[in-house]
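Here's the structure, in structure tokens; my notes come after.
The values are calculated or read from the model by the stated rules, or taken from the named source; none is laboratory data. Keep in mind it's a predicted model, so treat the numbers as computed, not measured. Cβ coordinates were reconstructed from backbone atoms using ideal geometry, including for glycine residues, and neighbour counts include every protein chain displayed. Quick note on the areas: whole protein, heavy atoms, side chains included, nothing else; ligands and nucleic acids left out. Shrake-Rupley method; radii C 1.70, N 1.55, O 1.52, S 1.80 Å.
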Amino acid sequence: MTLGVVVLAAGQGTRMRSSLPKVLHPVAGLPLVEHVTRLADAVGAQQIVLVVSEDTLAPISAAFGHRYRYVVQHERLGTGHAVAQARAELEGKVDEVLVLYGADPLMRHESLLELLAVRRTSNAKAAIVTFQADPPTGYGRIVRDEHGAVQAIVEERNASPEQRRITEVNQGVALYDGAWLWNALDQVQPNSLNGEYYLTDLVEIGLREQGAGAIAAIQLRDPDEALGVNDRIQLAQVGAILNARKLRALMLAGVSIVDPTSTFVDQDVQIGIDTTLLPGTILKGRTTIGANCTIGPNSLIEDSQIGEHCKISYSVVEQARMELGANIGPYGHLRRGAHLMEHVHMGNFGEVKNATLGPGTKMGHFSYIGDATIGENVNIGAGTITCNFTADGKKHRTEIGANAFIGSDSMLRAPVKIGEGAITGAGSVVTKDIPDGGVAVGMPARVIRHRKLEQSENE
């Protein structure tokens, strides 16, 4: 069967106290609504339609581009009215319509697969999702007959004292027969109190038309799946649940997490086996970490690629890359474009930006390397700085050849090239290129001898 999904995302989110639409607030590395659309993809949606408001159309469509279809709900007239806005996109094009909520990111795809299976095998007009709430305050109660079939959804304000004691409640997610849905929506009447049209009225319509078999239901095994976000408190609660799920999956897959209560890993992060995350580790975005690494304590890695057998201690890594056996810290900072090749060591309080350090290079502490290409087995002494931003208002590059030795407190004013095997003395200010094997000292640095000549003389 072809499946269309309607995601209700028109809410202003006034309780969020934010200029950002509620469904775009990030949690576990993704906007709230992207958790939902990924869920739709996971269960085989052929069409995904986002119902937005006039105010949220621009920011939501800017965030997702042409990945989804957008329809505008110009008036806030309830859930039934919202789904009806997707009619032109889905009617006659899909066999089933699944309704999801853009700020409810915790539903598991296994639950939705169960929902799909239940409706299809029963041939019901609709299948709803319920859960046990304690207390059930504020939710519509699920009334069943003596055989367990759904008889009604009774909103709390209309419930009798006996019905109020029911703890099985309506979660809101529902799956509908595509051909039946649109005609049934035409029959929904506005609520007498507020003039809104409610999807829950479809239960009564289905039962009236087909009897007890019209409405199927699944009950969530984990009530956490029913939680949604209306304010920042709930955003934090949902984030904690998603994080706990991610950490559990990682540990079951062979990752050691010393203290899950202080470790935060976004949904798209990938980690190899036998890697250890120490307390205070935060992994964000599309970060990948290889096997047998040690990350932390107190380290932040974002949108970076970390190879196998790497070590990162008390450091920040952003949009950077580390290859096999590289290590940094404590208190190192890799900024955008930093690339540490195999077995590079970067000491404490070092910083690298838009630069490549070749295999085996050692970078001493208190150093800054920016806009540079460093060859293999280079020694960069403590306090070395590449002065990449010069008087002409532009950034220039520094090149250092293999096996060079950069003395402590050297200042390399770009653009400058230091040859293979060259040496700079401590405190040198290098403003001109140094040839291969050259030894330069002073302010400004000048070449005082050539290592190759010395070696040949000694021979």
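Points to keep in mind about this one:
- Under the combined filter of DSSP loop state and at most 11 neighbouring Cβ atoms within 10 Å, segment 364-459 retains these trypsin sites (Lys or Arg not before Pro): 394.
- Cα gyration tensor shape for segment 208-261, rounded if a/c is under 1.5, else prolate or oblate: oblate
- At the listed q of 0.13, 0.14 Å⁻¹, the Debye profile of the chain, built from one uniform point per Cα, gives log10 I(q)/I(0) equal to -1.08, -1.18.
- Count of lysine pairs in the chain with Cα separation under 20 Å (8 or more residues apart, or interchain): 18
- Applying both filters, DSSP loop and at most 11 other Cβ atoms within 10 Å, to the trypsin sites (Lys or Arg not before Pro) of segment 1-31 gives 17.
- Normalised per residue, the volume of the convex hull around the Cα set of segment 237-290 (Å³): 64
- Taking all Cα-Cα distances within segment 197-328, those exceeding 27 Å account for 38%.
- Euclidean distance between Cα centres, segment 400-423 to segment 265-344, Å: 27
- Charged neighbours of residue 198, selected by a Cβ distance under 11 Å, balance to -4 (K, R count +1; D, E count -1).
- Heavy-atom accessible surface of the chain: percent carbon and sulfur, 1.4 Å: 50
- Alpha-carbon Debye profile of segment 371-449, log10 I(q)/I(0) at 0.16, 0.18, 0.21, 0.24 Å⁻¹: -0.47, -0.60, -0.82, -1.07
- Pairwise alpha-carbon distances in segment 316-459 exceed 21 Å for 37% of all pairs.
- Entry note, segment 139-294: relative contact order of 13 percent, from Cα contacts under 8 Å with a spacing of 6+ residues.
- Computed on protein heavy atoms with a 1.4 Å probe, the accessible areas place 294, 263, 137 in the order 137, 294, 263, largest first.
- Prolate/oblate/rounded label for segment 100-150 (Cα gyration tensor, a/c 1.5): oblate
- Here segment 1-113 is treated as a Stokes sphere of Kirkwood radius computed over C-alpha pairs; at 20 °C and 1.002 mPa s its diffusion coefficient rounds to 152 µm²/s.
- Per residue, the chain exposes 46 Å² of solvent-accessible protein surface, assessed with a 1.4 angstrom probe and all protein chains in place.
- Relative contact order (%) - segment 1-93, alpha-carbon pairs under 8 angstrom, separation at least six: 33
- Cα gyration tensor shape for segment 2-60, rounded if a/c is under 1.5, else prolate or oblate: oblate
- Take every Cα pair under 8 Å whose residues are at least 6 apart in sequence, average their separation, divide by the length of the chain, and the relative contact order is 8 percent.
- Exposure check, 1.4 Å probe, all protein chains in place: residue 351 carries approximately 50 Å² of accessible surface.
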